[in-house]
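The values are calculated or read from the model by the stated rules, or taken from the named source; none is laboratory data. Note that this is a predicted model, so its numbers are computed, not measured. No Cβ is skipped: glycine too gets one built from the backbone with ideal geometry, and neighbour counts run over all protein chains shown. Just the protein is used for accessible areas: all its heavy atoms, side chains included, with ligands, DNA and RNA removed. Shrake-Rupley method; radii C 1.70, N 1.55, O 1.52, S 1.80 Å.
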Amino acid sequence: MLAGVLGCFAGRFGRVEPRRAAAEFVTGLLADLEVKTCWQLAEQAGHARPDAMQRLLYRAVWDADAVRDDLRQLVADRFGGPDAVLVVDETGDLKKGTHTVGVQRQYTGTAGRIENSQVGVFLGYAGTDGHTLIDRRVYLPASWTDDRQRCKAAGVPDEVEFATKPQLAADMITAALDAGVPAGWAAADEAYGNNAAFRAGLREHRLGYVLAVSCDHLIPLDGGKVKIRADRVAADLPASAWQRRSAGAGSKGPRYYDWAWLDDVCTDADPDDGGHHSLLIRRNTTTGELAFYRCWTPKPATLAQLVRVAGIRWTVEESFQAAKGQVGLDQHQVRRWDSWHRFTTLALAALAVLAICAADEAAHDPADTGLIKLTVNEIRRLINACIIRPINDLTHRLRWSHWRRRHQARARQSHYTHRLNLELQP
């Protein structure tokens, strides 16, 4: 699969040198390196100097967006389906100084507070077999776009203007749909769900959505004549309005929540869009904490469908964790616009290798072997043992892999049983 992913965009490099460097770069991102900068990746590839890797990110002639297009199509071909979900979210990288493109003091969930950081908005794709990230945009605050000299110094194209994070997310969704990526749904957190223009854009695409909104979000009722805070709506619901359902499997078993669904409410400005608006409320079975979702579908939907999409939103968090923990998405040491997009695109290529390998292995695994299915962490470990740095005794390494998966399967079953007993208590 490593060769398949690399082969899907090999034609985007006109010269053999950057094509070879790109293959070595992605292979290095998959390698067992503590830090994944150009210096470490060059050493891993056997280079005497980091020049080839640095040239790939800075001066070599190739189009990162074209490579992104090829990767997006590869992922859509493998995971695509009419019920696939496009998931948008952002992630931040803590940075020092002021010269790295997009950096300023701003809130980032990585630190959970305002820090000097760079924020990227990403588009995830979740199908029946798996999920990964398929697009990226660096967020440029107004402090950058209002200072064209600063933008020029960082290589930001003159035509790039300020865009909010929901606008960047909408651009990526539009680009994916225009490219023929099959999808039936979109999901996002409150930063996007609270944005009326973002919701309207999804309806124009006839794309169903389950978007989180804040507790103080005003819910339009009675054709928009009355607007009530979301938490006030939840407070007035009778006990019979709640149903316990799983939002999908988590690391500790099925994720059971109580759900309330108010159908045919939340009509936005255009009541004649031909779709079905509703409000979905999730209640934690242990703490009672509430979460709220604005929903819209072009055709009538069921509660089970909406709950499924609400649960799938978390796949983007899993993708961020894998991208940063396994392929060094947050370890770039580049300052310029082109370099950020090039590094990030190659990191998405490495992540796609892991995601597709995991899906392929799961499809071939027997239903019940007493082992957990291969995770992206374990797949990267095996890629290193078998391909990147093969050891003499592969049987020994595979035996350890088998032991880990069996041990994790037993631990997971214990978690599942304990969690299920707790969740099903009245």
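Straight-distance candidates among the aspartates and glutamates for linking to LYS152, with alpha-carbon spacing under 13 Å and chain neighbours fewer than 8 residues away dropped: GLU161, ASP338.
Expressed as a whole number of Å, what is the distance separating the alpha-carbon centroids of the stretch 193-245 and the stretch 1-48? Each part's Cα centre sits 46 Å from the other's. Here LYS95 is the anchor, and the lysines within straight C-alpha reach of less than 19 Å, apart from those fewer than 8 places off in the same chain, are LYS36, LYS324. When Rg and the Kirkwood radius Rh are both evaluated on Cα atoms of the stretch 257-342, their ratio Rg/Rh stands at 1.17. Can you tell me which of ALA323, ALA111, ALA154 moves the most in a GNM of the chain? Springs connect C-alpha atoms under 10 Å apart. Per the Cα network of the chain with a 10 Å cutoff, ALA111 tops the list. Of the residues PRO82, GLY97, SER117, the one whose Cα sits farthest toward the positive end of the charge dipole of the stretch 76-126, with +1 on the Cβ of Lys and Arg and -1 on the Cβ of Asp and Glu, is GLY97. Measure nothing but the geometry: give the 0 to 90° angle between the long axis through the Cα atoms of 16-30 and the longest principal axis through the Cα atoms of the chain, rounded to 10°. It is inclined by approximately 60 degrees. Between the Cα long axis of helix 64-79 and the first principal axis of the chain there is an angle of about 60°, rounded to the nearest 10. Solvent-accessible area assigned to carbon and sulfur over the stretch 1-74 amounts to 49 percent, based on a 1.4 Å probe. The local environment of ALA175, defined by Cβ-Cβ distances under 12 Å, has a net charge of -1 under the rule Lys, Arg +1 and Asp, Glu -1. Within the listed set VAL103, VAL226, VAL87, the residue fluctuating most in the Gaussian network model of the chain (springs between alpha-carbon atoms under 10 angstrom) is VAL226. Computed over the stretch 161-261, the alpha-carbon pair-distance distribution with 5 angstrom bins reads 2, 10, 15, 18, 18, 16, 12, 6, 2, 0, each value a whole percent. Take the alpha carbon gyration tensor of the stretch 28-85, find the square roots of its eigenvalues, order them as a ≥ b ≥ c, and report rounded if a/c is under 1.5; if not, report prolate when a/b exceeds b/c, else oblate. Oblate, since a/c reaches 1.5 and b/c is not below a/b. With the convex hull of the Cα atoms taken as the outline of the chain, the averaged projected area works out to 22.5 nm². Since only ALA239, ALA349, VAL26 are under comparison, the one whose Cα sits farthest along the positive direction of the charge dipole of the chain, derived from C-beta charges on Lys, Arg, Asp and Glu, is VAL26. Among residues other than GLY184 with Cβ under 15 Å from its Cβ, the summed charge is +4 (Lys and Arg +1, Asp and Glu -1).
For the stretch 113-225, the Cβ-based charge dipole about the Cα centre amounts to some 40 debye (Lys, Arg positive; Asp, Glu negative; other atoms uncharged). Using the rule -39500 (n - 2.57) for each DSSP H run of four or more residues, divided by the residues of the chain, the 222 nm mean residue ellipticity is -13500 deg cm²/dmol. Think of the chain as having a plus end and a minus end, set by charges on the Cβ of Lys, Arg, Asp and Glu; of GLY248, ILE219, ALA66, GLY248 sits farthest toward the positive end of this dipole. In a simple Cβ point-charge model (Lys, Arg +1; Asp, Glu -1; nothing else charged), the chain has a dipole of about 1320 debye relative to its Cα centre.
Qualifying chymotrypsin sites (Phe, Trp or Tyr not before Pro) in the stretch 136-199, where qualification requires a DSSP coil assignment and no more than 13 other C-beta atoms within 10 Å, comprise PHE162. Only the Cβ atoms of Lys and Arg (+1) and of Asp and Glu (-1) were treated as charged; on that basis the dipole of the stretch 310-350 about its Cα centre amounts to roughly 160 debye. Compute the angle between helix 303-312 and the longest alpha-carbon principal axis of the chain, please, reported from 0 to 90 degrees and rounded to the nearest 10. The helix 303-312 is inclined about 30 degrees to the chain.
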